[in-house]
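J.: Have a look at the structure that comes next, please.
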Amino acid sequence: MVTIGVAVAIPEPWGSQLQDYRTRIGDTTATQIPTHITLVPPTEVEADAVADVEAHLAQAAAGVDPFAVHLRGTGTFRPVSPVVFVTVAEGIAGCEQLAEAARRGPLDVDLAFPYHPHVTVAHELEDSVLDEVFEDLARFECRFDVDHFHLYVHDQQRGWRPTREFTLAGPARAVEREE
């Protein structure tokens, strides 16, 4: 079995800024988790099923148009879960469409909570630290275009590593190519 995840990577310089921030506040998992918006949460699959998962994700990418994301401010899942996150202010529908397309077929997984696109910046830390993060990043803001996503595989020593990129090529791109 291998543990995989599917996510939109946060581009530079913001990905490193947020990951470095997580490290500074004492989140010991930060160095093993690239900054991202989750599409499919950690899921165990048979090692020989990865090729089928990749084919499925390529098909999912072909059906979704690129979209813009605007990250702005913070939110939290407390008291349900000790998480502070950067909020997706624009691009929610695009993330939802992409996540829905990815979570079919071999990745038809049950979610513990309803899907809510976000960028985790603190997880399972003291309440005082979570409060500090919530305040520190309240004015964080960035914008970027999402035209691809990644399949990640978890390695016990190195953490989450992208193993394949999938380019979004939905109906709007097909029209662009025909013109």
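The values are calculated or read from the model by the stated rules, or taken from the named source; none is laboratory data. Just so you know, these numbers come straight off a predicted model, no measurement behind them. Quick reminder, even Gly has a Cβ in these numbers, built from the backbone with ideal geometry, and neighbours come from all protein chains shown.
J.: Report, by residue number, each residue of segment 76-103 that is surrounded by fewer than 15 Cβ atoms within 10 Å (Cβ to Cβ) and either over 26 Å from Val45 (Cα atoms) or at pLDDT below 95 (or both).
T.: Arg78, Pro79, Val80, Ser81, Ala89, Glu90, Ala93
J.: Can you find even one residue in segment 18-33 that is out of contact with any Pro (no Cβ under 6 Å at 6 or more places or on another chain), within 23 Å of Gly105 (Cα to Cα), touching a residue at least 24 places away in the same chain (Cβ under 8 Å) and not in a helix (DSSP H, G or I)? Break it down stepwise before answering.
T.: So the first thing to find is which residues in segment 18-33 are out of contact with any Pro (no Cβ under 6 Å at 6 or more places or on another chain), and the list is 18-33.
If we keep only those that are within 23 Å of Gly105 (Cα to Cα) too, we end up with none.
No, the conditions are met nowhere in segment 18-33.
J.: Here's another thing I want to ask about it. When you go through Thr43, Thr74 one by one, which is the residue that is of a type in the set (Ser, Thr, Tyr) and more than 22 Å from Pro162 (Cβ to Cβ)? Show your work before the answer.
T.: Numbers: Thr43 fails: more than 22 Å from Pro162 (Cβ to Cβ).
That would be Thr74, the only listed residue that is of a type in the set (Ser, Thr, Tyr) and more than 22 Å from Pro162 (Cβ to Cβ).
J.: Now for a different question. Looking only at strands (runs of 3 or more DSSP E) that lie completely in segment 59-165, which have at least 2 residues being of a type in the set (Ser, Thr, Tyr) and in contact (Cβ under 8 Å) with a residue 12 or more places away in the chain?
T.: Values: elements: 67-76, 83-90, 118-123, 141-146, 148-155.
In segment 59-165, the matching strands (runs of 3 or more DSSP E) lie at 67-76.
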